[in-house]
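Okay, so here's the structure we're looking at.
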Amino acid sequence: MASRSDYGRVGFIIPVEGAADQYVVGVEHTFLVIHWDGEEGSNVEIIKELGEVDQDAPNTFLNDGKADPRGRLFAGTMCDMGPGVEFIPEKGAFYRLDEKGVTQLCDKITISNGLAWDLQEKAFYYINTVENKIRRYDYDVETGEISNQRYIFDLKKNKMTGGPDGMTIDTEGYLWVALFNGSAVIKVDPKIGTVVDKVPIPAEQVTSVTFGGPNLDILFVTTARFDLGSEQKPPCGATFMVTGLGAKGHPNMSVSVKKVTEPVLIGEGPHWDAEAQALYFVSIDEMTIHKYVPETGLHTKTKLDGRVSFIISVEGTTDHFVVGLERKLVIIKWDGGEGSKVEIIKELAEVDTELPTNRLNDGKVDPKGRLFAGSLGQMTPSGEFEKEKGSLYRLDERGCVKLFDRINVANGLAWDLKEKSFYYIDSMDYKISRYDYDVESGNISNKSYIFDLKKNEVNGGPDGMTIDTDGNLWVAIFYESCVLKVDPRSGNILDKVVIPANQITSVTFGGRNMDTLFVTTASLNLGEEQKPPCGATFMVTGLGVRGHPDAKFKLPANY
């Protein structure tokens, strides 16, 4: 239900990305951007009018609204009450607001209410309260289009009291639905249409829900206290906080995916240098190393004499890097300038000397500054690699040590000190491995599998990987146009970030607050042309998580 302000009834308020004190609100028929400092009774300034809806229906007003995962605004209208407590039917409509303007998505809505998106299921869920059902639409995250309406839950068939109002979704894909005149929030499995849980609320008119709190595991519940024939005494109308549900929600913010560089052939090996506030990455077959500075937008590159698979800053320097150059681990000097000369300072080691067609692939530095890097065999024109030709190596003061061999495609690496874990990807396994990790020695042991892509019906292959401060893995999926957030303890997919490129190669966190996910991609023609923006590097914000700073390489004193 909407509330009133000096400007009219307000249906929703949503923060504007990048502005600490600006919000988009639905007031009567109009989408407005306002300025409000959040203080009690302080003035509200209207910054901009974005659009008007229902011009031919003067008795309607905007009700529930939300931003989709790409930051588009979706909102619907409802009509005033007629005599008694009945709403005039089918006078409202449902809209989307984006760079194309205001678009009506459907009409004949009586009370527009709950909205939720599930990227993994490519689904949009919607409530028109008087139907006493939940709709599901197919959802295109790239365009914001919805299609193929059907019903996935019927309240009357499930003997629920009250009507469905606001709604949210948790990270496992369950819907949490407020029941107006039902004194409860219900947890619904949209895949099978059943009630999984019911949370009683000490108010009859439960209006909406959202997850929040530091861990996004608190359910906030709003209620009303309309006198619709019976007085609604306190605490009716209060907002409630529900804890201990064992569920987490998605951040209520728009996830923004922005292209930040022009396409390359095989973008790989992203490394964030926190001191320089710069992203370094490579284009393997083009033999180039790259630097991108988000605060200025400056992107520079230069060429090396050989295929380069990763670039990592050397501790204590501003212009020295360790790179994987063909089969060699090399220290180079580069000033970061466009086309500027690269000087090879030192050759540290050469691997796979008995396999001259091999090359190094993914490499990273562990929390103690040791270098871990893997190799792979030759790639055929169709994109297949020679099987079990690669190995994984560790380089530190003890030298370059082979940790294991028979690797197909050496890829993602991540460490979790709290769990004493090292996570690793051989892409052709279609799994993520876990090893026990000794931080003092750098030794790994006791291999197990903690995630299986095929069992989770993921069609692409796992490539590069990073880890956030909550211990969840972010995995680039080659041929699947996405990055997956995986809980390595349960083996569950927690989130899916869609990227507008097919061949997703690697990921790392960066930015001032370590809350920006940088994503590299490729544009290899492996039987099908990969058109721009394929091959670009992307910057993803609004995920509500942070990563660890990428460790720099500690050059051993004996090298």
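The values are calculated or read from the model by the stated rules, or taken from the named source; none is laboratory data. Predicted model, so just to flag it, every value in this text is computed and none were measured. Here the Cβ is made from the backbone with ideal geometry for all residues, glycine too, and neighbour counts use every protein chain on show. Note: areas computed on protein heavy atoms with side chains; ligands, DNA, RNA excluded. Shrake-Rupley method; radii C 1.70, N 1.55, O 1.52, S 1.80 Å.
When the square roots of the Cα gyration tensor eigenvalues are ordered a ≥ b ≥ c, the ratio a/c for the range 150-257 is 1.5 or more and a/b does not exceed b/c, which makes its shape oblate.
What does the charge add up to near G535, with Lys and Arg as +1, Asp and Glu as -1, over the other residues with Cβ less than 15 Å from its Cβ? Neighbourhood net charge equals -4.
Across the range 256-541, Cα-Cα pairs more than 36 Å apart make up 7 percent of the total. Amide H to amide H, with H built 1.01 Å from N, D64 comes under 5 Å of G76, counting only residues 5 or more places away or on other chains. Assuming 1.567 mPa s and 4 °C, estimate D for the range 211-315 with Stokes-Einstein, Rh taken as the Kirkwood radius over Cα pairs, in µm²/s. Answer, rounded: 70 µm²/s. Heavy-atom accessible surface of the chain, averaged per residue, reaches 43 Å², computed with a 1.4 Å probe.
Debye-formula intensities of the range 489-541, expressed as log10 I(q)/I(0) at q = 0.18, 0.31, 0.32 Å⁻¹, are -0.68, -1.16, -1.19 (one equal scatterer per alpha-carbon, no solvent).
Return the inverse of the average 1/r over all pairs of distinct C-alpha atoms in the range 381-444, which is the Kirkwood hydrodynamic radius, in Å to one decimal.
Evaluated over the range 381-444, this radius sits at 12.9 Å.
Once all protein chains are placed together, S448 keeps about 50 Å² accessible to a 1.4 angstrom probe.
Fraction of C-alpha pairs exceeding 14 angstrom in the range 4-69: 59 percent, rounded to a whole number.
Estimated at the nearest 10 Å², the accessible area of D550 is 30 Å² with a 1.4 Å probe. For the range 33-39, backbone phi angles converted through the Karplus equation (6.51, -1.76, 1.60; θ = phi - 60°) give residue-by-residue couplings of 9, 10, 10, 8, 7, x, 8 Hz, Gly and Pro being listed as x. Taking Lys and Arg as +1 and Asp and Glu as -1, the other residues whose beta-carbon sits under 10 Å from that of W474 total -1. Ligands, DNA and RNA left out, the accessible area of the range 256-541 computed with a 1.4 Å probe is 45% carbon and sulfur.
Sequentially through the range 94-111, phi angles give Karplus couplings (6.51, -1.76, 1.60; θ = phi - 60°) of 10, 10, 10, 10, 8, 5, 8, x, 8, 10, 7, 9, 7, 10, 6, 9, 8, 9 Hz, Gly and Pro residues having no value and appearing as x. With kT/(6 pi eta Rh) evaluated at 4 °C and eta = 1.567 mPa s, and Rh the Kirkwood radius from Cα pairs, the chain diffuses with a coefficient of 51 µm²/s according to Stokes-Einstein. Using the structure shown, list the pairs from K191/K454; K108/K496; K108/K187; K496/K554; K328/K447 with a Cα-Cα distance above 23 Å, or answer none. Check vs 23 Å cut-off fails for K108/K496; K108/K187; K496/K554; K328/K447. In this structure the amide hydrogen of V330, modeled in the peptide plane, comes within under 5 Å of the amide hydrogens of V323, L325, L348, none closer than 5 places in sequence on its chain. Summary of the geometry: the range 133-159 and the range 169-216, compared by the centres of their Cα atoms, lie 16 Å apart. One chain, two ends: N443 and E90. Fully extended at 0.36 nm per residue, the span grows by 120.4 nm beyond their Cα-Cα distance. Computed 3J(HN,Hα) for the range 422-434, one whole-Hz value per residue from the Karplus formula 6.51 cos²θ - 1.76 cosθ + 1.60 where θ = phi - 60°, is 10, 9, 8, 10, 9, 3, 6, 6, 6, 9, 10, 8, 10, glycine and proline marked x.
Calculated on the alpha-carbon coordinates, the convex hull of the range 31-161 measures out at 164 cubic angstrom per residue. Dividing the mean sequence gap of close Cα pairs (under 8 Å, 6+ apart) by how many residues the range 256-541 holds gives a relative contact order of 16 percent.
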